[in-house]
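The values are calculated or read from the model by the stated rules, or taken from the named source; none is laboratory data. In this text the structure is predicted, and so the values were computed from the model without any measurement. Neighbour counts are summed over all protein chains in view; Cβ atoms, including those assigned to glycine, are modelled from backbone coordinates with ideal geometry.
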Amino acid sequence: MHNAPFFLKYKLHYVVFWMLIFGIWYSLRADSYPSEEKALLVTFIKVVDLMLMISVTNYLLIPKLLYKKKYVLFGFAFLVLIISSSIIKMNILGRVLDNPLLYNWEKNFKARVYDNIIPHFFLVIAGAAIKLMFDYGKLQQRMAATAKEKAEAELNFLKSQINPHFLFNSLNAVYFLIDKDNADARGALHMFSEMLRYQLYEASGDKITIEKEIRYLKDYMDLQQLRKDEKYAVQFSCSPGVKGVSIEPLLLIPFVENAFKHISHYTDKSNFVKVDMQYANNVLTFLVENSKEKQKPDDKQGGIGLTNVKRRLELLYPGRYVLKTDESDERFIAQLTIHLT
């Protein structure tokens, strides 16, 4: 049900454009061919050939090579595409029109280059230029949206921020008031202080090391564990390879907060929150799973928190992340995959 609107919104204009090209091409060149059927077939072959070259250039070569600064490889692949497509097209047209001269490159090399390769080159370049222009416009919009989001976040942060020196001094005072034998209370207050320090001082930049983000997640989960009894299992696992990379601060915590918010409260079976983090081949995989109780059909886990995360991901990692959720009556799973480089 969701495919039809997507097609109509993003693909219909593409079909209409090439149908228009077909109509114009046919009306201008129909008299050059012996029959209407031949004219339609030749026009179809030429339009499809041009469409394929532009599509491969715009949706494969540009994103995979040009945008990744592989300029030499892009230039080589582009020339190979133009030349090979021209040769294939002329072989097909030569046989359709029963004209061997069209695919005889040895005797008509200059004519073939002038009539096919050079026009193809400039037509595909024009199509690529349009693609680059639209991509640049989208990039500008995304940068403006990111700047606006950041400015709003900083403003909200400043509005809600308490004087950090006063706050930390107060926490230290409370810490020393707690009996020295009460190690759990002192440990919890110390963890809270470290989390607050992270939010106030370290998470204000654009990037943070993954090690610091992991420590913050662990402290949060340890604090949550203090509120639970033995009926609640909290597990955090992280592969040794998760190190040496940077991500946007406080990007992962909403998933964990969401899990604790919606955790089940069974008395006769397990209640759990499981967090797993993996990193390999520049891909970070973050999985959060929690037990949950059966809810009403219109009461879905997630809500505003995960919606905001999706918005941040779209702004920060456009086209480089996959967020999947899976919900049943007894558990909820959120899996985030990010290509960090």
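Odds and ends about this structure:
- Unique residue being small (Gly, Ala, Ser), over 30 Å from residue 249 (Cα atoms) and at pLDDT 60 or above when the list is 145, 128: 128
- Contact map, region 128-147: first residue more than 25 Å from residue 78 (Cβ to Cβ) and in contact (Cβ under 8 Å) with a residue 12 or more places away in the chain, second residue assigned to a helix (DSSP H, G or I) and not basic (Lys, Arg), Cβ cut-off under 7 Å, separation 6 or more or different chains; pairs are 142/315; 145/315; 146/315.
- All told, residue 199 meets the bar of being in contact (Cβ under 8 Å) with a residue 40 or more places away in the chain and part of a helix (DSSP H, G or I).
- Residue ID - surrounded by the most Cβ atoms within 10 Å (Cβ to Cβ), chosen from residues in region 57-77 that are without any contact (Cβ under 8 Å) to a residue 24 or more places away in the chain and in contact with a helix residue (DSSP H, G or I) (Cβ under 6 Å, 6 or more places away or on another chain): 61
- Neighbours by Cβ (under 7 Å, 6+ apart or cross-chain): first from region 260-280, without any contact (Cβ under 8 Å) to a residue 60 or more places away in the chain; second in a strand (DSSP E or B) and of a type in the set (D, E, K, R): 274/289
- Residue within region 53-73 that is in a helix (DSSP H, G or I), more than 24 Å from residue 19 (Cα to Cα), in the same structural domain as residue 113 (by TED's automatic domain parsing) and small (Gly, Ala, Ser) present: no
- Just one of (1) at pLDDT 75 or above; (2) over 19 Å from residue 244 (Cβ atoms); (3) in contact with a helix residue (DSSP H, G or I) (Cβ under 6 Å, 6 or more places away or on another chain) fails for residue 216. It is (2).
- Taking the criterion of being of a type outside the set (Asp, Glu), assigned to a helix (DSSP H, G or I), closer than 17 Å to residue 99 by Cα and free of Cβ contacts under 8 Å to residues at least 24 places away in the same chain, the residues of region 15-39 that qualify are 32, 39.
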